[in-house]
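Report on the structure given below.
Every number here is computed from the coordinates shown, using simple stated rules; none is lab data. Small disclaimer: the values here were computed from a predicted structure and weren't measured. Positions of Cβ are generated from backbone atoms using ideal geometry, with glycine treated the same way; all protein chains shown enter the neighbour counts.
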Amino acid sequence: MRAGAVLALAALCMPAAGQAADSEEQPQQAGLMWNRTGLPAVFPLQVKSPKGADYFLTLQDHGSGEDALAAYIEGGAFFKVLVPPGRFVLRFASGTKWQGEEALFGAGTQYFEMPEPLEFAVRGLGGKAGHIVTLRQPRPGRSWLAGLKEQSICQTARLKVPDPALLDPQPGRRLFELGLEAQEKAQLRIRQQETGRLRQRDLERTGEASSLHARSVPEPPVPYQALKTQEMVEPLPRQSFRSYRVRSRFCG
């Protein structure tokens, strides 16, 4: 069935219910009334209805003909219910004064149903396919109309607390730690060379540079030493999974 289809609802020729029920029932609360299938209700069904009347909705199993689920709808108010899987015919009873499931809305109850069964089933990976039904009040002498559109609930799963190691873009990368001992020796060498230059300059000024050269042997220069490094290989992160967070949202 194409989304957005407009269907003429079939009026049911049924006898007036509950003519003997004179006492009015307590106001019925909108929402799910019962689910007789024993199956989990996970598929969305949304009904948009006009103001001025309330509606008693039953889902009839298309194969067995038995009533599977019932719900009460307040006219003009937002209504959504979760239903079990299967193919169901949607049947409506409409009126203004609720008198219980036996009498419904009394002698003025109007009956109509969807002409084709609606399927509630899983679509793809984690998609729960349902429907949106929009009721349109008929003009005098006309049939009820219903707009039909598909609606789905999609589920996505993700790690509840992501491990930071799993987000490292360079696992197994090589890290180097610079040695502090080599750095200290290089700084000491620079200080010794600066001190030697200052002493030689002072001696040259007093004319003793020649005698200094005769009785002193210069120390061999300290050979350059590369900074010692210690190579480490970062271990690969342990691929450990944690709990999942499942999110449901309407996706169609």
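Projected label points at Lys51 and Asp67, each 7 Å from Cα along the beta carbon direction, are separated by 3.0 nanometres. Taking the Cα-to-Cβ direction at Cys154 and at Trp34 and moving 7 Å from each Cα, how far apart do the two end points lie in nm? Calculated label separation equals 3.8 nm. Close amide H contacts of Trp144 (hydrogens built in the peptide plane, cut-off under 5 Å, sequence separation of 5 or more or a different chain): Leu9.
For the peptides 36-42, 101-107, residues were scored by their other Cβ atoms within 10 Å and the scores averaged per peptide; the highest-first order is 101-107, 36-42. Phi angles of the range 29-36 translate, via the Karplus equation with coefficients 6.51, -1.76, 1.60 and θ = phi - 60°, into HN-Hα couplings of 7, 5, x, 5, 9, 6, 9, 9 Hz per residue; Gly and Pro are given as x. Sorting Val122, Val47 by the number of Cβ atoms found within 10 Å of their own Cβ, with the fewest placed first, yields Val122, Val47. Distance between the modelled labels on Arg136 and Val122, one decimal in nanometres: 3.6 nm (7 Å Cα→Cβ projection).
Around the amide H of Met33, modelled in the peptide plane, lie the amide H atoms of Ala70, Ala71, Tyr72, all under 5 Å away and 5 or more residues distant in sequence or on another chain. Working ranking of peptides 192-199, 48-55 by packing, defined as the average number of other Cβ atoms within 10 Å per residue, highest first, is 48-55, 192-199.
Here the residues His62, His131, ranked from fewest to most Cβ neighbours within 10 Å of their Cβ, fall in the order His62, His131. Between Glu102 and Val42, the contour length at 0.36 nm per residue exceeds the Cα-Cα span by 18.8 nm.
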